[in-house]
Structure formats: structure tokens, C-alpha cells
Amino acid sequence: HEMRTQTWGYSENENLSQADLLKVKYDGIRPAPGYPSQPDHTEKGVMWKLLGAEEKAGIGLTESYSMNPAASVSALCFAHPESRYFAVGP
């Protein structure tokens, strides 16, 4: 949330409660590898290479694409107000 409002300057005056954030009441989406909108964990390998995540942030991937340290998180963030989750396939 801070990325959208402070780093990007998007919806700067947005004042959502913790409950509203958990209910995804903000504009935009943040799909993450391993969740229904982006089920393929192997996509993390591409993300890590493009970002240089291990070199820049010290976050590595195991051979099963788990992040190390385990408290790490990753997602693709799209702040556009018309962004929507969707599924592809059966």
C-alpha cells in the first residue's frame, strides 16, 4: 500500500483502514506467484533475473522456488484503477 501512495504518489490522499486493505478496497491489483491469479511458481525465476533480486536485496530462491529468507514476499503490482484479476485456462 505504501508503494502506491508514497513511492508512486498514486492515491496520495487515500485513507483506508487495515480492514479495508485486507478486503482489497484500494485501486489496483498485486498478483503473486503461487496464488490463483499466477499459479506458476517458476515465474519467480524470471522475476529474480530481471530484478537482480538476490544481488540487490539478498533474497534467494530454493530449487522449488521458495524464497529465502522465508519472511520474504513477492508480487507484481499494478496500480491502475481499472486493473482486475483474471484466470486463464480451465
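Values in this text are rule-based calculations from the coordinates and carry no lab data. These figures come from a predicted structure and were not determined experimentally. Every residue, glycine as well, gets a Cβ built from its backbone with ideal geometry; the counts of neighbours run over all protein chains shown.
Can you give the charge dipole size of the chain about its Cα centre, rounded to the nearest 20 debye, using +1 on the beta carbon of Lys and Arg and -1 on the beta carbon of Asp and Glu?
Details: 8 positive and 11 negative charges, 22 e Å.
So the dipole magnitude of the chain works out to roughly 100 debye.
How large is ³J(HN,Hα) for each residue in the range 50-57, as worked out from phi by the Karplus curve 6.51 cos²θ - 1.76 cosθ + 1.60 (θ = phi - 60°), to whole Hz, x for Gly and Pro?
4, 8, x, 4, 5, 5, 7, 10
Given 0.36 nm per residue, what is the gain on full extension from Tyr10 to Thr62 after removing their alpha carbon distance, in nm?
15.3 nm
What FRET efficiency comes out for the pair Arg84/Glu55, r = Cβ-Cβ distance, R0 = 35 Å, nearest 0.05?
Once rounded, the FRET efficiency stands at 0.55.
Restricting things to alpha carbons, find the Rg to Rh ratio for the chain using the Kirkwood radius for Rh.
Rg/Rh for the chain comes to 1.00.
When the helix-only estimate is applied to the chain (DSSP H runs of n ≥ 4, each -39,500 (n - 2.57), divided by the residue count), what is the mean residue ellipticity at 222 nm, nearest 500 deg cm²/dmol? All intermediate terms of the calculation are to be shown ahead of the outcome.
Working: 3 runs with 19 residues, N = 90.
Mean residue ellipticity, 222 nm, calculated: -5000 deg cm²/dmol.
Which listed residue (Ser74, Gly45, Leu22) has the Cα farthest towards the positive end of the charge dipole for the chain, taking +1 on Lys and Arg C-beta and -1 on Asp and Glu C-beta about the Cα centre?
Leu22
Expressed in whole Å with the largest first, what are the equivalent ellipsoid semi-axes of the range 50-90 derived from the C-alpha gyration tensor as the square root of 5 times each eigenvalue?
Square roots of five times the eigenvalues give 26, 15, 9 Å.
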